[in-house]
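Nothing in this text is a laboratory measurement; each read-out follows from the coordinates by a stated rule. Here the structure is a predicted model, which is why all the values come from computation and not from measurement. With ideal geometry, Cβ positions are generated from the backbone for all residues, glycine too; neighbour counts draw on all protein chains shown.
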């Protein structure tokens, strides 16, 4: 950084310069042990026929803000009503879209696979393992990569992977969600201590999960105060 | 989240709906032990005469992307050439600007006060302590609050406050920068161990800092590989 005198008067009126604004959403779920991202087949140019992230223009007449636009896009294009959703970052510039200079406010969202049967069957929709993605149009590969980095780093310090589980889950199911996100096995004893430290779970009284060859396991759910808010781990997993 | 069939065909062409796009920058420095933010007096409506964050429209003809627009705004309006700068979040909607539905890509930037003498003297510019800000127009108070939260949480786990120091600094000066950001005193021994753990500093050979009543202290600088990249602390301060 070098010293330089301001090159023109402060705050002379200018513009406006309207710009194309879109939202793009990385919607993630966990299915058969794999973290999967929703892709939709594009029906029109640019990149007609390519698989891409759900997205669309912001509708100023309809959307309160960009977050509302992201929820509208998920509802309209993926049938997903209100998953956990966070702003990821904004991607912008002349190079990212052949239609011209554009701004894409990107979000990432998590949804349990148990809530997605209606979507699975639709044509033009695919849930692909994040390890087996095709070449993506625009800068969607970079957006997905950024979302996975955010999900992984945040999962080290919070309850975020809970939103990949259904409303009720066992501790082994929750541990499997953390392991799928982080891409590594976790120690069971240490994992359970960290979940206790976060204090976000409560047992579902009187209900046990009876699955497979194991004895019935306790089911848990999020305490009401954590259903829309993350619980944080100051020292990480 | 409930199941719902998508309400319209996927990817029917629509729009475009051009939107006003701006960048806003929270430029922070450290002066006389206080964290300060740059405000500029607005010369024209809306909010003429109010003190606000440096910002401006994105210029699609001139800016490669929003980040380039943020650097251009800092250079033109604050004379700041290339401080450490990161995207913060995007603020959007109908309510935030009386001119209409808008998208503001917000950035935060850090600069050592030693590099700012040319700016200090200019009319229409003030560096205010973050604890003594006036009422700000638009959603600038929320943008500043978000920037301070980000700066504080990131400083717990990285070398970020280094960018508030000059090119060369002593360990007590660096500790003072961390303390000003975090708003608390740090233990000297533990602080120095953490700085060693991050391995981003190198002594400036043959140069000592002689200030005040203390004996000359070793000067340090960032190793070249950390001059534009943060060093991370996996377990925090």
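Brief remarks on what is shown
- Under the criterion of Cα pairs below 8 Å and six or more residues apart, the relative contact order for segment B:20-142 equals 36 percent.
- A Stokes-Einstein calculation at 20 °C with viscosity 1.002 mPa s, built on the Kirkwood radius of chain A over Cα pairs, returns a diffusion coefficient of 108 µm²/s.
- Label-to-label distance, residue A:199 versus residue B:41, with points set 7 angstrom from Cα along the beta-carbon direction: 5.0 nm.
- C-alpha long axis of helix A:171-182 to longest principal axis of chain A, angle in °: 30 degrees
- Sum of -39500 (n - 2.57) over DSSP H runs of 4+, divided by residues of chain A (222 nm, nearest 500): -7000 deg cm²/dmol
- Hull shadow area, averaged, segment A:20-154 [alpha-carbon convex hull, nm²]: 8.0 nm²
- Site pair residue A:225 and residue A:141 shows an inter-label distance of 4.5 nm when each label is modelled 7 Å from Cα along Cα→Cβ.
- With a Förster radius of 60 Å applied to the C-beta separation of residue A:75 and residue B:210, the computed FRET efficiency comes to 0.35.
- Ascending list, in nanometres, of distances separating the residue A:185 label from those of the other copies (7 Å, Cα toward Cβ): 4.8
- Distance between the C-alpha centres of segment B:23-87 and segment A:161-197: 43 Å, rounded to the whole angstrom.
- Chain A's nearest residue to the axis relating it to B, judged by Cβ and reported with the distance in whole Å, is A:18, 1.
- Chain B, relative contact order in percent, only Cα pairs under 8 angstrom and at least six apart counted: 19 percent
- Considering only beta bridges that DSSP places wholly inside the protein assembly as shown, some 80 percent are antiparallel.
- The same position residue A:235 in the other copies lies at 0.8 nm from this copy, comparing label points 7 Å beyond Cα toward the beta-carbon, shortest first.
- Computed over segment B:160-226: relative contact order in percent, which uses C-alpha pairs under 8 Å that are six or more apart: 35 percent
- For residue B:129, inter-copy label distances in nm, listed shortest first [label point 7 Å out on the Cα-Cβ vector]: 5.8
- Estimated inter-spin distance, residue B:82 and residue B:149, nm [label 7 Å along Cα→Cβ]: 3.2 nm
- Once the Cα atoms are used to define both axes, helix A:140-155 deviates from the longest principal axis of chain A by about 40 degrees.
- Crossing angle, helix A:188-198 versus chain A [Cα axis fit, 0-90 degrees, rounded to tens]: 60 degrees
- DSSP beta bridges in segment B:20-142 [antiparallel fraction, %, rounded to 5]: 70 percent
- The protein assembly as shown: mean projected area of Cα convex hull, nm²: 25.6 nm²
- Peptides A:130-138, A:105-113, ordered by how many other C-beta atoms sit within 10 Å of their residues on average, highest first, read A:105-113, A:130-138.
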